[in-house]
Amino acid sequence: MTSSPPPGRSVLGEPGLAAALALFQQGAALSRADVAALTGWARVTVTARLERLLDAGLLLAQEERVNGRGRPATIHRLNASAGALLVADVGASGMRVARCDLAGMVEDVAELDSEIADGPDAVLATVREGWRRLLPDGEPWGAALSLPGPIAYPSGLVVDPPIMTGWNGFDARSALSRWHPGAATMVENDVNAMAVGEVAAAAEGGRHLTDLLVVKVGTGVGAGIVSGGHVIRGAAGAAGDIGHTEADVAGLREDRPPCRCGKVACVEAYAGGWALVRDARARGLEAEDLGGFLTHLVAGHPVARQLTADAGRVLGSAIATAVSLVNPEQVLVGGSLGLAGDALVAGVRERVYARSLPLATRSLRIGPSVLGHDAGVRGLAHELSRQVLLGS
Ligand SMILES: [Zn+2]
């Protein structure tokens, strides 16, 4: 463990250099004249700052003609491989860890087994070991973690999570800072991270996505809300926790099963992965865990398909209410259940279109997550890259 920032990053402590580097986020390619025009800095200041960033290996320079004509100018770009970012998208059962470049592009990703209910020590030990394998030498510029529960933002404290035994009040951000004292650190709710990833991916494709609902259906159920371009976190970090709202199961079933949170008849108690495993077993289907259930579902077993479509309908009723509240342009369904075939999304679509007002659904698109299983790590990488390059 080192107590100083990684080489290269320490340069950003010098006057004006962080502000200069921040100009080069999101692939910006700028000449000295461009930088002077953007900042109002004197020419000599621009030259000194760019030279320092070039010497430190944080920028790359190339002679280029603008529009292929005229005298070539020196164009500067971020050297995204000058440093590494480490991210971990931790779900209720399993996690994805990744190493990314400074621009937030994923370079290497690994899927690891873990159970959130094993508590912070066990889960963080898995994260740390995964990161060590992805970055055996050197220190990251940033480290970020997502967790499947309410997170106070920006402190990163875990707040009263309904299912995360031993996590209440845990300061995950301090743990990251202890491992990597020179790094920027961030802790985010898992579905919020997915939502950020989807917005960033849309922007890369030239689409400005400002109003979005992302629903993660894995072992549990949660939602991330982007409204007017901002992630809605709520007063205590609990916005979007639709999994533990009371389910509307009219016409589908009459039982009121207990939920993991201690209440009964929550959305998750019908539509979460653990509930589907329970119902599958009751119908004689062999499923040791959610993975076993998903195997039946992907193979097209009719009982698994029917249970999943009904889960989609229960979810759809809850999502219909959310659609009326926030009027998103897209509803994207992710998580291991949401991404296993089309049965869940079909059930969601059926209920949302039947129950929301036409004005809210006229141009609404409901579909599977565009980024799939990588949505969480992509979102974390994007946010962390911004934090490292912009200091925000
Ligand atoms: Zn519940």
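The values are calculated or read from the model by the stated rules, or taken from the named source; none is laboratory data. Everything numeric in this text was worked out from a predicted model, so none of it was measured. Here the Cβ is made from the backbone with ideal geometry for all residues, glycine too, and neighbour counts use every protein chain on show. Just the protein is used for accessible areas: all its heavy atoms, side chains included, with ligands, DNA and RNA removed. Shrake-Rupley method; radii C 1.70, N 1.55, O 1.52, S 1.80 Å.
Quick look at the numbers
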quantity: Contact order relative to length of the stretch 317-392, as percent, for alpha carbon pairs under 8 angstrom and 6 or more apart; calculated: 40
quantity: Efficiency of FRET between ASP137 and ARG52 - r from beta-carbon atoms, R0 35 angstrom, step 0.05; calculated: 0.90
quantity: The chain - mean residue ellipticity at 222 nm from DSSP helices (-39,500 (n - 2.57) per run, n ≥ 4, rounded to 500); calculated: -11500 deg cm²/dmol
quantity: Tilt relative to the chain, helix 375-390 - C-alpha long axis, 0 to 90 degrees, to 10; calculated: 30
quantity: With Cα atoms, 0 to 90° folded angle of helix 343-355 axis to the chain main axis; calculated: 80
quantity: Top positive-direction residue, dipole computed over the chain with Cβ charges, set ALA280, VAL44, VAL314; calculated: VAL44
quantity: Interchain or long-range residues, amide H under 5 Å from ASN79's placed H; calculated: LEU59, LEU60
quantity: Mean separation of Cα contacts under 8 Å (6+ apart) over length of the chain, as relative contact order %; calculated: 16
quantity: Relative contact order of the stretch 205-364, defined on C-alpha pairs under 8 angstrom at six or more residues apart (%); calculated: 25
quantity: Prolate/oblate/rounded label for the stretch 139-256 (Cα gyration tensor, a/c 1.5); calculated: oblate
quantity: Net charge of Cβ neighbours under 9 Å - reference THR74; Lys, Arg +1; Asp, Glu -1; calculated: -1
quantity: Considering only the stretch 208-370, percent of DSSP beta bridges that pair antiparallel, nearest 5; calculated: 55
quantity: For the chain, share of DSSP beta bridges that run antiparallel, in % to the nearest 5; calculated: 60
quantity: Relative counts (whole %) of C-alpha pair distances in the stretch 9-81, using bins that are 5 Å wide; calculated: 3, 16, 30, 27, 16, 6, 2, 1
quantity: Nonlocal amide H pairs with GLY222, under 5 Å, H built at 1.01 Å; calculated: LYS216
quantity: The stretch 319-392 and the stretch 64-106: distance between their alpha carbon centers, rounded to Å; calculated: 25
quantity: Unit charges on C-beta of K, R, D, E only; dipole of the chain, Debye; calculated: 1000
quantity: For the stretch 254-392, the Rg and Dmax computed from alpha carbons only, in angstrom; calculated: 16.9, 55
quantity: Of ALA80, ALA36, ALA265, the one that fluctuates the most in a GNM where the chain has Cα springs shorter than 10 Å; calculated: ALA36
quantity: GNM top mover of PRO162, PRO257, PRO72 - the chain, alpha-carbon springs below 10 Å; calculated: PRO72
quantity: Choice from VAL377, VAL159, VAL221 showing the highest fluctuation, given a GNM over the chain with Cα pairs closer than 10 Å; calculated: VAL159
quantity: Sequence of ARG233, ARG128 from largest to smallest accessible area, 1.4 Å probe; calculated: ARG128, ARG233
quantity: Cα gyration tensor shape for the chain, rounded if a/c is under 1.5, else prolate or oblate; calculated: prolate
quantity: Karplus 3J(HN,Hα) series, Hz, for the stretch 9-18 with 6.51 cos²θ - 1.76 cosθ + 1.60 (x for Gly, Pro); calculated: 5, 4, 4, 5, x, 6, x, x, 6, 5
quantity: Using θ = phi - 60° and Karplus 6.51 cos²θ - 1.76 cosθ + 1.60, couplings along the stretch 114-128 (whole Hz; Gly, Pro as x); calculated: 6, 10, 4, 5, 6, x, x, 4, 5, 5, 5, 5, 5, 4, 5
quantity: ARG256/ASP211 FRET efficiency (R0 22 Å; Cβ-Cβ; nearest 0.05); calculated: 0.05
